[in-house]
Amino acid sequence: MTSDALGIMINDSFEWVAGMELTGAEITVRCLVDEGVELVFGYPGGAVLNIYDEIFKQKGFKHILVRHEQAAVHAADGYARSTGKVGVALVTSGPGLTNAVTGIATAYMDSIPLVVISGQVPTGAIGMDAFQEVDSVGITRPCVKHNFLVKDVRELATTIKKAFHIASTGRPGPVLVDIPKDVTAHKTAYVYPESVVMRSYNAVVKGHSGQIKKAAQMLLEARRPMIYSGGGVVLGNAAKQLTELVRLLGYPCTNTLMGLGAYPATDPQFVGMLGMHGTYEANMAMHNCDVLLAVGARFDDRVIGMPAQFARDSRRIIHIDIDPSTIAKRVKVDVPIVGDVGAVLDELIKLVRASRERMDEPALAEWWKQINEWRARDCLNYDRASEIIKPQYVIEKLWEVTNGDAWVTTDVGQHQMWAAQFYKFDQPRRWITSGGLGTMGFGLPAAMGVQLAHPEATVACITGESSIQMCIQELSTCLQYRTPVKVINLNNRYMGMVRQWQEFFYGNRYAESYMDSLPDFVRLAEAYGHVGMRIEKPADVEPALREAFALKDRLVFMDFITDQSENVFPMVPNGADISEMILAEEL
Amino acid sequence: MRHIISLLMENEAGALSRVAGLFSARGYNIESLTVAPTEDITLSRMTIVTRGSEEVIEQIVKQLNKLIDVVKILDLSDGSHIERELMLVKVRAFGKDREEMKRMADIFRGRIIDVTEKTYTIELTGPGTKLDAFIEAIDPVAILETVRTGASGIGRGERILKI
């Protein structure tokens, strides 16, 4: 026996022989090792004790003990988003699983590949309302790509292989494997399949060539083109191809919240994020374009508002997505292309290069002139002379201090939108946010996952005083595993986005959105063994950030006391057309 | 529009609830759903009768296809097809009604499969509209109990749903 850096005793002599009879618990652990898993985020409990006992005996992967199962899934999610690999979480039955559901649903909405392993009561006790029993497969069914209940140890290894296969191929998503406790004790010969073939599941890769030809033609005929890309480009590792195509064509490009970083934000052809809090120029270009290329995006309600409104403008739409059900779900499209975005973009680039037709240069120049006029409105302007710290200012300085090179996670609300607007992401997978589900509490555990995946990286968690409290217990995990995340807490004493809606649409009646009795975050951070800072003046923002980021090996909790009345602009009111934005200057 | 969708799915525990859950989660209509294993016991065949605009039906088919357990789908309404439903009706049958009930069953090509002094149980097969017509045709007071299977469908001629 030896002990590793964390003081965990390891049995070096433990070895497996292929085909040897192993228990379900040994098989579970062995499968994860054979799958190449590096990190497992989890929390033990009765139903998974056999599995934990095997984890104790192995050193193929590292287990990260979180303080709440929700955080285990968010951390695995942060790991997955930042690496492109499958994130793995392990939880016990009953409350372990129900706590994990928020994390699973978060990953499902953003199509993040996860394998979540949950313990279950023994097969004989299922349905008996046993201690810590819930119908895990039933509870998670609507928020997983697929789930399994393994009732026979002989099916365990194949099921785990299938779970990884399903999670990581096609449109990715979380997969749950629920394992009853007796199955973890039963023995069978262990063989990890190298691959699995499922007659009912075949992910499409190549797009239809005829459709791609039509798309190339349509793009070259455009007079007011627009390229709109989403999270699918990040997930499909197709940022390179997207950037190449956009530059080749010279067309404007916008990214959705999920797609930030897929096209470099500092590039002049980037018109900013679009949607409810998108830039004036991005939304106006969406509204006025004649040909729209949508890549790995899903026209969701926070992006285009009401489909009926959006459809009133005549534009031809090309839609590339790996999931056929995303196409024609909310808007009708002229050229649907189902396939892997990277493979389709490769073909599209080839066709555009080879085509004898060229873009209509005068029309394009006219279009850019129009876009630049919209840009001149400077819709993200804010009061830079303010004596109270403006949240936007903090993000701008954060971008400067980190040279635009940090990995940024967020929680949900105003701070998330400001982060999206003001931190200019030039690379994919650097921006880690809960877009679809909008899960408060996501930021800190996700940042842990990112930091553990990239130990040398600069990781910032941009959050607010309300969100951070939803998973603040993870400060303890951060200490245990030495994850030097920098927490940027934009503290305006309000659930800012709720307050903003109440100001705009509920006659300034701030029902329950004020955060009273806040903890002293500096002392709280210190109590958890970290460094705490409170920053109250604009002049202190930059020096404090420099000081914090210089502390390479420490978690620093930076509590920025920001302007309570600041709102996120532009804003498209719910249900309005995306061209109908409320701008800061209009108020 | 009414659509009748046939699908083959893995005969696994929970497969049915994935389909039923999809319809309720996404707010799709479901008029009837029948399911049973096929000649290959690893596969179940399901027939779903639903209603919706063309866009909704397109989404239903795509969403069903996305379910991992679903192997193959065919919208039977896209071409010519046959659909049949089975109904068992228990009716009051005594006095002068007894003869009348027998006659009605004969007209609709139903079979009386259980008889007591006061009741008949009639088995009736056909498209749903025929079963509706039978219910319409007999005295509602005479109906003691009905049970219907929901529609099963199959394509005509060479239209085959098989893997």
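Counting only DSSP H runs of at least 4 residues, each contributing -39500 (n - 2.57), and dividing by the residue count of the protein assembly as shown, the helix-based mean residue ellipticity at 222 nm comes to -10500 deg cm²/dmol. What is the helix-to-structure angle for A:69-83, meaning the angle in degrees between its Cα long axis and the longest Cα principal axis of chain A, kept from 0 to 90 and rounded to the nearest 10? With rounding to tens, the tilt is 60 degrees. Pick out, from A:Gln469, B:Gly155, A:Tyr52, the residue whose Cα sits farthest towards the positive end of the charge dipole of the protein assembly as shown, with +1 on the Cβ of Lys and Arg and -1 on the Cβ of Asp and Glu. Result: B:Gly155.
In terms of Cα to Cα distance under 25 Å, which lysines are near enough to A:Lys397, apart from those fewer than 8 places away along the same chain? Partners within reach: A:Lys424, A:Lys486, A:Lys537, A:Lys552.
Rounded to two decimals, the Cα-based Rg/Rh of the protein assembly as shown, with Kirkwood Rh, is 1.03. Can you give the percent of C-alpha pairs in segment A:225-352 whose distance is more than 20 Å? Percentage above 20 Å: 34.
The amide H of B:Ile112, built 1.01 Å from its N in the peptide plane, has B:Glu123 as neighbours under 5 Å, considering only residues 5 or more places off or on other chains.
Per-residue Cβ neighbour counts within 10 Å put A:Met284, A:Met558 in the sequence A:Met284, A:Met558, beginning with the fewest. For a 28 Å ceiling on Cα separation, which of these pairs sit above it: A:Lys59/A:Lys145; A:Lys214/A:Lys329; B:Lys90/B:Lys130? From A:Lys59/A:Lys145; A:Lys214/A:Lys329; B:Lys90/B:Lys130, over 28 Å: A:Lys59/A:Lys145.
Each of B:Ile143, A:Ile371 has some number of other Cβ atoms within 10 Å of its Cβ, and from fewest to most they run B:Ile143, A:Ile371. Gain on full extension, evaluated as 0.36 nm per residue between A:Asp313 and A:Lys552 minus their Cα-Cα distance, stands at 80.9 nm.
Would you please state which residues of segment B:25-64 a label at B:Ala13 would reach in this model, taking the label point 7 Å out along Cα→Cβ and a backbone N cut-off of under 18 Å? From segment B:25-64, the list is B:37, B:42-44. Bridge orientation summary for chain A: considering DSSP beta bridges with both residues in this region, about 10 percent are antiparallel.
The angle between the Cα long axis of helix A:496-505 and the main principal axis of chain A comes to about 40°, on a 0 to 90 degree scale. In plain terms, the residue of B:Thr42, B:Thr34 with the fewest other Cβ atoms within 10 Å comes first and the most crowded comes last, giving B:Thr42, B:Thr34. Charge tally around B:Leu76: other residues with Cβ under 9 Å, Lys/Arg +1 each, Asp/Glu -1 each, net -2. Relative to its residue count, segment A:166-260 spans a Cα convex hull of 159 Å³ per residue.
When the alpha carbon gyration tensor of segment B:1-108 is reduced to an equivalent ellipsoid, its three semi-axes come out at 34, 17, 13 angstrom, largest first. Our summary of shape: the Cα atoms of segment A:339-382 have principal axis extents of 41, 28, 11 Å, ordered from largest down, in whole angstrom.
Go through segment A:412-518 and name the trypsin sites (Lys or Arg not before Pro) that are in a DSSP coil and have 12 or fewer other Cβ atoms within 10 Å of their Cβ. The qualifying sites are A:Arg509. The angle separating the long axis of helix B:128-137 from the principal Cα axis of greatest extent in chain B is about 20 degrees.
Here the calculated FRET efficiency for A:Met128 and A:Glu21, from their Cβ-Cβ distance with R0 = 30 Å, stands at 0.55, rounded to the nearest 0.05. Calculated on C-alpha atoms, the gyration radius of segment A:72-136 divided by its Kirkwood radius gives an Rg/Rh of 1.06.
I need the GluC sites (Glu not before Pro) found in segment A:383-451, filtered to DSSP loop residues with at most 12 other beta carbons within 10 Å of theirs.
Listed in order of number, the matching sites are A:Glu387.
Semi-axes of the equivalent ellipsoid for segment B:47-111, computed as √(5λ) from the eigenvalues of its C-alpha gyration tensor and ordered from largest down, come to 41, 12, 11 Å.
Just so you know, all these numbers are worked out from the coordinates, no wet-lab data involved. Nothing here was measured: the structure is a model prediction, and the numbers come from that model. Cβ: placed from backbone, ideal geometry, glycine included. Neighbour counts: every protein chain shown.
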